[in-house]
Amino acid sequence: MRVSLITVCYQAAPFIRSCIDSVLSQDHSDIEYIVIDGGSTDGTVEAVRSYGDRVAHLVSEPDEGLYDAMNKGLQLATGELVGILNADDFYPHPEVISRVVAAMAAAGSDTLFGDLVYVREQNPEEVVRFF
């Protein structure tokens with residue numbers, strides 16, 4: 001199952017690399033990664049470009065806010081499953097996407113949601129908050 005992951009960002013240079021690295025480290029074999037940037041001037045675009053074709057689509061242009069940017073990503077997405085990962089977030093484990101795909105297949109569902117676990121980037125094993 002192809003999974004399209006969308007990251008929307010603006011002025012995200014301090015944390016965009018950890019977000020991208022977490023996506024690229026996923027063990028699921030068919031991920032289309034899309035980054036929609038709102039016209040950053042802080043080095044975000046250069047950081048994303050440094051990953052080359054491992055980022056399937058990079059759009060950097062002014063937008064009308066978060067949801068406009070998400071919609072731009074959705075228009076580009078070709079996956080059967082679409083996920084959104086904010087630029088200041090990351091997947092703490094390389095099996096996140098493969099587990100999501102397996103859970104959806106096992107349940108025969110079209111939608112899946114989960115809890116948020118807040119951790120410190122320096123120590124992802126330490127839970128700071130659970131939501």
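The values are calculated or read from the model by the stated rules, or taken from the named source; none is laboratory data. Since the structure is predicted, the reported quantities are computational estimates derived from the model, not experimental observations. Cβ placement follows ideal geometry from the backbone for every residue including glycine, while neighbour counts extend to all protein chains displayed.
For the reader, a short list of remarks on this structure follows.
- So residue 4, is it within 27 Å of residue 106 (Cβ to Cβ), part of a helix (DSSP H, G or I) and under 10 Å from the mean Cα position of the chain (by Cα): no
- Residue check for residue 5: in contact with a Lys or Arg (Cβ under 6 Å, 6 or more places away or on another chain) and within 21 Å of residue 121 (Cβ to Cβ): no
- Among (1) under 14 Å from the mean Cα position of the chain (by Cα); (2) under 27 Å from residue 38 (Cβ atoms); (3) at pLDDT 95 or above - the single one residue 94 does not satisfy: (2)
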